[in-house]
1. Out of (1) within 28 Å of A:Ala91 (Cβ to Cβ); (2) within 14 Å of another protein chain (Cβ to nearest Cβ); (3) surrounded by 15 or more Cβ atoms within 10 Å (Cβ to Cβ), what's the single condition that is false for B:Pro40?
2. Determine whether B:Lys103 is assigned to a loop (DSSP other than H, G, I, E, B), at negative phi and within 14 Å of another protein chain (Cβ to nearest Cβ).
3. Can you spot a residue in segment B:21-30 that is within 11 Å of chain A (Cβ to nearest Cβ), closer than 27 Å to A:Lys64 by Cα and not acidic (Asp, Glu)?
4. May I ask you to list the residues in segment B:1-14 that are assigned to a loop (DSSP other than H, G, I, E, B) and closer than 21 Å to B:Leu78 by Cα?
5. In segment A:56-77, what count of residues is obtained for those that are among the hydroxyl-bearing types (Ser, Thr, Tyr), farther than 20 Å from A:Ala102 by Cα and within 14 Å of chain B (Cβ to nearest Cβ)?
6. Six or more apart or on different chains, Cβ under 6 Å: which pairs go from a residue in segment A:98-116 that's under 15 Å from B:Pro95 (Cα atoms) and within 7 Å of chain B (Cβ to nearest Cβ) to one that's among the β-branched types (Val, Ile, Thr) and open to solvent by 30 Å² or more (accessible area, probe 1.4 Å)? Could you list them?
7. Can you tell which of A:Gln39, A:Gln3 is within 12 Å of chain B (Cβ to nearest Cβ), open to solvent by 10 Å² or more (accessible area, probe 1.4 Å) and touching a Leu at 6+ places or on another chain (Cβ under 6 Å)?
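The values are calculated or read from the model by the stated rules, or taken from the named source; none is laboratory data. Everything numeric here is computed off the predicted structure, so don't read it as measured data. Glycine also receives a Cβ, built like all others from the backbone with ideal geometry; neighbour counts cover every protein chain displayed. Areas reflect the complete protein model, heavy atoms only, side chains present, ligands, DNA and RNA absent. Shrake-Rupley method; radii C 1.70, N 1.55, O 1.52, S 1.80 Å.
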Amino acid sequence: EVQLLESGGGLVQPGGSLRLSCVASGVTFSSYFMAWVRQSPGKGLEWVSCINSGGGTYYADSVKGRFTISRDNSKNTLYLQMNSLRVEDTAVYYCAKDRGRAEHNPFDYWGQGTLVTVSS
Amino acid sequence: DIQMTQSPSSVSASVGDRVTITCRASQGISIWLAWYQQKPGKAPKLLFYDASSLQSGVPSRFSGSGSGTDFTLTISSLQPEDFATYHCQQTNSFPLTFGGGTKVEIK
């Protein structure tokens, strides 16, 4: 069974940094696009970033230049380094795996989410 | 960027009712649309991909349709476990975008 387990969330002041991790099990991690999707309290889902199996990266404009996605296939782990955090980055951050086709993939497995709160 | 607009934002319905949710893309996305179900405090769950392809394990009372800019998710006979929020997502191009969500509430 595929499992994704996020960690690293917490309370941070505006301008601060945080690194999220997501450990995958039950799947050949290195073969899949992985993503971070966030959800602000009471709001809808917002795609944040993706990384393909070869390490190519994609970012939402709202986080470009501040967030960095990376992966360590030897550890089955996805990361999100978040710098220059803003109050509006407050959200539950989900790690998600794509369905594995060449393109146009939905996210078929999601982690339970980790809460990031940016506040002074 | 492709904007995704869902309607209604919320719907009140009874067990056994037929419920239809629509999702409109700001430009054509062929069939590259996914639907997710999310219950409070839980992660989203994939229901459909490619507009109408049912994800494994999803009950057949759910159906998806559409192409181009207009898509629908239909629940033929609402069950108690179906009360949740439903999200559409375009998988046509980056940046990936979601609709605002539709909350299905108990009437």
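1. B:Pro40 satisfies every listed condition except (3).
2. Here the answer is no, as B:Lys103 does not meet what is asked.
3. Going through segment B:21-30, the residues within 11 Å of chain A (Cβ to nearest Cβ) turn out to be B:29-30.
Those still in the list that are closer than 27 Å to A:Lys64 by Cα too: B:29.
Applying the additional criterion that residues be not acidic (Asp, Glu) yields B:29.
Among the residues of segment B:21-30, at least one is within 11 Å of chain A (Cβ to nearest Cβ), closer than 27 Å to A:Lys64 by Cα and not acidic (Asp, Glu), which makes the answer yes.
4. Step one: of segment B:1-14, the residues assigned to a loop (DSSP other than H, G, I, E, B) are B:1-3, B:8-9, B:14.
Within segment B:1-14, B:Pro8, B:Ser9, B:Ser14 qualify.
5. Within segment A:56-77, residues that are among the hydroxyl-bearing types (Ser, Thr, Tyr), farther than 20 Å from A:Ala102 by Cα and within 14 Å of chain B (Cβ to nearest Cβ) number 1.
6. Hits for this filter: zero, empty list.
7. Being within 12 Å of chain B (Cβ to nearest Cβ), open to solvent by 10 Å² or more (accessible area, probe 1.4 Å) and touching a Leu at 6+ places or on another chain (Cβ under 6 Å) holds for just one of A:Gln39, A:Gln3, which is A:Gln39.
This table checks each residue for (1) more than 10 Å from every other protein chain (Cβ to nearest Cβ); (2) out of contact with any Ser or Thr (no Cβ under 8 Å at 6 or more places or on another chain); (3) acidic (Asp, Glu); (4) assigned to a strand (DSSP E or B).
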{"site": "B:Gly16", "(1), (2), (3), (4)": "yes, no, no, no"}
{"site": "B:Val58", "(1), (2), (3), (4)": "yes, yes, no, no"}
{"site": "B:Ser77", "(1), (2), (3), (4)": "yes, yes, no, no"}
{"site": "B:Tyr86", "(1), (2), (3), (4)": "yes, no, no, yes"}
